[in-house]
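First the structure, in the form of structure tokens, and then the observations on it.
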Amino acid sequence: MSTHVLAVFDRDQEYSARLAGALSARRDLPFYVKLFTGREELCRYLQSESPEILLVGADSCGDDIRHLYSGNLLLLRDEPGGCAGEDEVPGIFKYQSFSGFVRQLTGYCSQKLLSGPEVMHVFGFYSFLPAASASCLAALCAWRLGAGDDSGRGKALFLNLDEFSCLLPMLPQVLGKTISDAIYAYRRDESGCGGDIAKMTGENAWFWYLAPFVCAEDCAQMQPAEFPGFLRATALALGTATVVLDIGQACPRAWDLFPVCDTVFIAEDESSSGRVDALAEYLVASGREALLSRLVRIPFSTCHLPDGCFAQPPGADLRRRIPGQVAGLG
């Protein structure tokens, strides 16, 4: 049994019982969940114990509880939106999907409490192909490089960095937020941004994602040096160890993002292979020959994604459209 305690109390006893039961059933959460059905019971417990996290209904938390507990207090809120009130206590919307609730909860957890793998793998995708084809290929591979099955366990995080993405209709904004907002949240608070970023993250049957850029200027202002920390904070908030970075054509020097990735897959066809050769020659001439060991050139065969395909995992027919060398990665 975990030594970390997550305490739950809400006036709506039926809701708190369901929540505690669902959290207890999650084997990937490093908590022993302790349910309290009464305020006095909780206060007596807090007089001698201090759980790692205390989830309390926003209308159930008073001065007595705040006086007794100075740890990680999270309010269960009835309305979505702001994560904190005037008192700056972070909160979680009670009635969202359970997967979204867990993502937001883990985003607020201390890194020491999380049981996920410490090693993060970042797979980059880059090509000189048309943006629509290249982005669809990267999205297909995000599914393949994640769990690779229909269970939804171990999904990858997919990020598209094109300034004018063709994927926005398939990767809709969550709470009106995009990757721009997530990056701003990281810049404001590098160590405590996980919960806010988790709320902005969407989930489909394939992978987790942040909605692509809407404002091209936001993309142009990206700093490659901040990406390792940003990706780690986001992956930690989601509990995933796999990130797929669709580098796209947005960065003036796309190769500045190559060091962020463990492997960079470069899709090529007959018309673009010469440009890939020129890129490799440039990396050597500019003293970046060490990056060549990270590059994996893959053949590209055109894939046309059917309408609505992002709503469900790819079937066997769609899997056959993934280039063979990539299909074998999962």
Fill in the blank from the handout: Cβ pairs under 6 Å, 6+ apart or interchain, first in region 159-175 and outside the structural domain of residue 208 (by TED's automatic domain parsing) and at negative phi, second in a loop (DSSP other than H, G, I, E, B) and of a type in the set (D, E, K, R), ordered by first then second residue, are none
Exercise for the section: Given the conditions (1) buried (at least 17 other Cβ atoms within 10 Å of the Cβ); (2) of a type in the set (Gly, Ala, Ser); (3) modelled with pLDDT of 75 or more, report the number of the one that residue 146 does not fulfil. Expected result: (3)
Practice task
Residues being assigned to a helix (DSSP H, G or I) and touching a residue at least 40 places away in the same chain (Cβ under 8 Å): count how many of those fall in region 190-217.
Solution key: 7
Completion exercise
Residues of region 19-51 being exposed (fewer than 15 other Cβ atoms within 10 Å of the Cβ), within 15 Å of residue 101 (Cα to Cα) and free of Cβ contacts under 8 Å to residues at least 40 places away in the same chain, in sequence order, are 21, 25
Problem - Residue ID - nearest to the chain's Cα centre (by Cα), chosen from residues in region 249-268 that are modelled with pLDDT of 85 or more and part of a loop (DSSP other than H, G, I, E, B) - result: 261
Exercise for the section: Among what's in region 257-290 and is free of Cβ contacts under 8 Å to residues at least 60 places away in the same chain and in contact with a Leu (Cβ under 9 Å, 6 or more places away or on another chain), pick the residue that is farthest from residue 142 (Cα to Cα). Expected result: 284
Handout entry: Residue satisfying all of: in region 97-128; touching a Pro at 6+ places or on another chain (Cβ under 7 Å) and outside any helix (DSSP H, G or I); modelled with the highest pLDDT among these
Key = 114
Handout entry: Residues of region 262-287 satisfying the condition of being surrounded by 15 or more Cβ atoms within 10 Å (Cβ to Cβ) and farther than 15 Å from residue 134 by Cβ
Key = 263, 280, 283
Problem - Positions within region 18-51 being in a helix (DSSP H, G or I) and of a type in the set (A, V, I, L, M), in sequence order - result: 19, 20, 22, 23, 25, 42, 46
Problem - Given (1) outside any helix (DSSP H, G or I); (2) touching a strand residue (DSSP E or B) at 6+ places or on another chain (Cβ under 8 Å); (3) among the polar types (S, T, N, Q), index of the condition residue 234 fails - result: (1)
Handout entry: Unmet criterion (only one of (1) farther than 20 Å from residue 24 by Cβ; (2) touching a strand residue (DSSP E or B) at 6+ places or on another chain (Cβ under 8 Å); (3) at pLDDT 85 or above) for residue 67
Key = (2)
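The values are calculated or read from the model by the stated rules, or taken from the named source; none is laboratory data. Being a predicted model, the structure only gives us computed values, none of them experimental. Using ideal geometry, Cβ is built from the backbone for each residue, glycine included, and neighbour counts are taken over all protein chains shown.
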